[in-house]
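Right, one structure below, let's go through it.
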Ligand SMILES: NC(=O)c1ccc[n+]([C@@H]2O[C@H](COP(=O)([O-])OP(=O)(O)OC[C@H]3O[C@@H](n4cnc5c(N)ncnc54)[C@H](O)[C@@H]3O)[C@@H](O)[C@H]2O)c1
């Protein structure tokens, strides 16, 4: 699956699904731009430039919820790599509280990253791709929360459902430019974000109760991103691909 010559931006790429996706796209041959509010831990990145899987890579610190920081991200990518072919909107946060306890800033914070962040990066990426005139690919990391209303995640559930509908809208608008837009719904995936809530034992024990007997791995989501953005996914647009180990399946009788 060669992405040689392509430039891919991955948001929320300092760890978890974003890091695994950046590494996968680099090993497919792309030059990757990792955007995050924090630097990847324990990585050596002088001036933001480093090597990933033998490819040139760039780290740009930016909050995707802030339009001017996202504009700066795209300026940096232009200066260093001169093009954008792939955008993976992965950055996302949740504030887990019941509706009754939610404060307005909780909701604003989640929507800033999940909704505005996705919008800013997709719009600036699409503008760049249209100007280049060579097509492109945009992938959203949504969630099974878009399809099932897990309690205590009002802002997150709403944002992820909106992301799926924005995916279809942008796919319809951008198809004539050869730009494909798709979304992935991960199920429960073992990332540093989840480790803030669950211990090793809980992850193992709760994982056993899932249909496939374990949580997903970030690399399993990254593999699907790689497929969607490659030539093998050339006829896929406006789709939502669920990768959840069967978590949304009905219980067997
Ligand atoms: N882990 C799961 O179970 C799971 C399930 C379904 C969907 N997802 C989605 O997958 C994506 C990645 O999740 P993860 O579990 O790897 O998360 P994580 O918390 O392990 O990593 C998320 C990364 O995003 C970065 N980030 C947060 N806010 C940002 C911002 N404003 N601008 C730029 N970067 C920002 C964080 O610094 C972090 O490095 C998210 O969109 C999440 O909603 C995760």
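The values are calculated or read from the model by the stated rules, or taken from the named source; none is laboratory data. Keep in mind it's a predicted model, so treat the numbers as computed, not measured. A quick note on method: Cβ atoms are made from the backbone with ideal geometry, for glycine too, and the neighbour counts reach across all protein chains shown.
Some notes on this structure:
- Residue in region 43-60 that is within 22 Å of residue 196 (Cα to Cα) and within 10 Å of the ligand (Cβ to nearest atom) present: no
- Filter pass, residue 179 being closer than 24 Å to residue 7 by Cα, crowded, with 16+ Cβ neighbours inside 10 Å, within 14 Å of the chain's Cα centre (by Cα) and modelled with pLDDT of 95 or more: no
- If you go through region 159-200 and keep only what is out of contact with any strand residue (DSSP E or B) (no Cβ under 7 Å at 6 or more places or on another chain), closer than 23 Å to residue 123 by Cβ and touching a residue at least 24 places away in the same chain (Cβ under 8 Å), you end up with 159, 160, 162, 166, 168, 172, 175, 177, 178.
- Some residue of region 35-42 being more than 12 Å from the ligand (Cβ to nearest atom), surrounded by fewer than 24 Cβ atoms within 10 Å (Cβ to Cβ), under 21 Å from residue 193 (Cα atoms) and more than 19 Å from the chain's Cα centre (by Cα): yes
- First in region 24-40 and part of a helix (DSSP H, G or I), second anywhere and within 13 Å of the ligand (Cβ to nearest atom), Cβ under 9 Å, 6 or more apart: 24/219; 24/222; 24/225; 25/10; 25/88; 25/222; 25/225
- Counting only helices (runs of 4 or more DSSP H) that sit wholly inside region 170-245, those with at least 3 residues that are more than 11 Å from the ligand (Cβ to nearest atom) and under 21 Å from residue 148 (Cβ atoms) are 200-208.
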